[in-house]
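J.: Following this message is one structure expressed as structure tokens.
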Amino acid sequence: MVASIYLDITSQAAIAGREIQDLSNQVIVVEQVNADLQSHLAEITSADAMEQRAASLGYAPADSTKLAFVLVPGFQAPAPEILVATQTLRPSAASMRPEYSESLISWLGRQLNGLGSPASGGAQ
């Protein structure tokens, strides 16, 4: 009975391991297909390819003498988001303990003069 339970559990573990391998292989294949599609998209949307397709459809580069502008009364262009006022971040003075704002030279001078205290981390 113990042997049959052992064989059952072992076979289930082997089946689960094989399913994991199959799923891992599927993930690899899907990643490769995705990379191929991204490469194809980059190729067909490159500047040269887009220019060739536009020319084959009858488009030509814009000529400044042939442009027409239409004025719309009352239209106000929206302000670019980059120019929107931003909140200025200022560090608070209390964000850093005084022990960490001391220079190495001033700390060394205090230690050599015997002014360091055990509470502030200095040794006497």
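J.: If you take the square roots of the eigenvalues of the alpha-carbon gyration tensor of the stretch 30-82 and sort them as a ≥ b ≥ c, do you get rounded (a/c under 1.5), prolate (a/b over b/c) or oblate? Each step should come with its number before you reach the end.
T.: Working: a/c = 4.41, a/b = 1.65, b/c = 2.67.
It is oblate, given that a/c is not under 1.5 and a/b is not larger than b/c.
J.: Sticking with this structure for a sec: What distance in nm separates the simple spin-label points at ASN113 and MET1, each placed 7 Å from Cα in the Cβ direction?
T.: Between ASN113 and MET1, the simple spin-label model gives 8.6 nm.
J.: Follow-up question, since we're still on this one. Counting only other residues whose beta carbon sits under 15 Å from that of ALA14, what net charge do I get with K and R as +1, D and E as -1? Please report the intermediate quantities before stating the final value.
T.: Details: positive: ARG18; negative: ASP8, GLU19, ASP22.
With Lys, Arg at +1 and Asp, Glu at -1, the net is -2.
J.: Using 0.36 nm per residue, how much length does the chain from TYR59 to ASP36 gain when fully extended, once their Cα-Cα distance is taken away? Intermediate values should be presented prior to the final figure.
T.: On the way: separation 23, 0.36 × 23 = 8.28 nm, distance 2.95 nm.
Length gained, TYR59 through ASP36: 5.3 nm.
J.: Next question, about the same structure. Could you check the spin-label model distance between GLN52 and GLU19? Points 7 Å from the Cα along Cα→Cβ, value in nm.
T.: 4.8
J.: Suppose the chain between ILE105 and GLU43 were pulled fully straight at 0.36 nm per residue; how much longer would it get relative to their current alpha carbon spacing? Don't skip to the end; give the middle numbers.
T.: Working: separation 62, 0.36 × 62 = 22.32 nm, distance 5.94 nm.
So the extension gain works out to 16.4 nm.
Computed from the coordinates by the stated procedures, all read-outs in this text should not be read as laboratory data. Here the structure is a predicted model, which means the values were calculated and not measured. Neighbour counts run over all protein chains shown; Cβ positions are idealised from the backbone, glycine included.
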